[in-house]
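Single-structure report; data block below.
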Amino acid sequence: IIVPYVNRLGMAFQILDKPSIRKIHKKEIVRIGGLALFLSFIFGFFLFLVLNNFFELNYELTRISFLIIITSTLFFLIGLADDSLNLSPFKRLLYQLIIGSFLWLNGLNIESIDLSFLNKNPLILNSSLSYLITIIWFAGITNAINWIDGMDGLASVFTAISSLTLSIIFYSKGSIDGTLISLL
């Protein structure tokens, strides 16, 4: 529903990706397709949040949800700025590390590493290591997906498979909220 409007917006403001030797497409295409994905995700996330809190307010889920919405918006704005202004990789990385720091400071962090596949107890991380791994994880995942976004459809298929896999893992662990968020 949103895609045609985003395409018209991109065409109107000439936010276009031009064909080149490194590109697969043969004609100009709109570079802000992520806007349609972002708006759909945010709409779905707000709907999930409203429905989940309809009968009883879940403060912790609401807090985490707003952290996800805020940081998703910030990551989206970095991508949008990069698509329209061609930000330097160092600026993008700096912004991503700042957002990762914001998440860590607000309690959305990696506190341990599961080593059960090695028949070992979880590795409990101290604050410094937790901070370092958390911000590297968020920036790393963001850049990994951005790097594979060169071929039409590759990043969307990769993230769809990853999200589906995460939703299956959450479901097997009994986390309906995690399952629904992953499916968004």
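The values are calculated or read from the model by the stated rules, or taken from the named source; none is laboratory data. Remember, it's a predicted structure, so these values are computed and weren't measured experimentally. No Cβ is skipped: glycine too gets one built from the backbone with ideal geometry, and neighbour counts run over all protein chains shown. Each accessible area value is taken on the protein alone, full model and side chains, heavy atoms only, with ligands, DNA and RNA left out. Shrake-Rupley method; radii C 1.70, N 1.55, O 1.52, S 1.80 Å.
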Using a simple spin-label model with points 7 Å from Cα along the Cα→Cβ vector, what separation in nm is obtained for Glu60 and Ala160? 3.4
Give the lysines whose C-alpha is closer than 27 Å to that of Lys27, dropping any in the same chain fewer than 8 places away, or say none. Lys18
What is the spin-label model distance, in nm, from Leu94 to Leu183 if the labels are put 7 Å beyond Cα along the C-beta direction? 4.2
Can you tell me the alpha carbon radius of gyration of the stretch 3-64 divided by the globular rule-of-thumb value 2.2 N^0.38 Å? 1.71
Of Ile32, Ile69, Ile169, which has the largest mean-square fluctuation in a 10 Å C-alpha GNM of the chain? Ile169
Quickly estimate the mean residue ellipticity at 222 nm for the chain, helices only: each DSSP H run with n ≥ 4 gives -39500 (n - 2.57), and the total goes over all residues, rounded to 500. -22500 deg cm²/dmol
Qualifying aspartates and glutamates (Cα of each under 16 Å from Cα of Lys173; at least 8 residues distant if same chain): Asp114
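To one decimal place, what Kirkwood hydrodynamic radius in Å is obtained for the stretch 43-103 from all pairs of distinct Cα atoms?
Evaluated on the stretch 43-103, it is 13.1 Å.
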Below 20 Å, Cα to Cα, which aspartates and glutamates can Lys120 reach? Residues fewer than 8 away in the same chain don't count. Glu111
Probe 1.4 Å - accessible area at Leu118, Å² to nearest ten: 100
Quote the FRET efficiency, to the nearest 0.05, computed for Ser72 versus Leu115 with a Förster distance R0 of 30 Å and r equal to the Cβ-Cβ distance. 0.50
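Using a 1.4 Å probe on the protein chains only, how many percent of the accessible area of the stretch 91-184 belongs to carbon and sulfur? All intermediate terms of the calculation are to be shown ahead of the outcome.
Numbers: 4440 of 6450 Å².
Ligands and nucleic acids excluded, carbon and sulfur give 69 percent.
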Option label - log10 I(q)/I(0) by the Debye sum over Cα atoms at q = 0.13 Å⁻¹ computed here, alternatives (i) -0.83; (ii) -0.73; (iii) -0.90: (i)
For the chain, set up a Gaussian network in which alpha carbons nearer than 10 Å are linked by springs, and say which option among Ser20, Ser84, Ser162 fluctuates the most. Ser20
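Given a 1.4 angstrom probe, what's the average accessible area per residue across the chain, in square angstrom?
On the way: 12720 Å² over 184 residues.
Each residue of the chain exposes 69 Å² on average to a 1.4 Å probe.
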Test of understanding: in a Gaussian network model of the chain with alpha carbons linked when under 10 Å, which of Pro122, Pro19, Pro89 would top the mean-square fluctuation ranking? Pro122
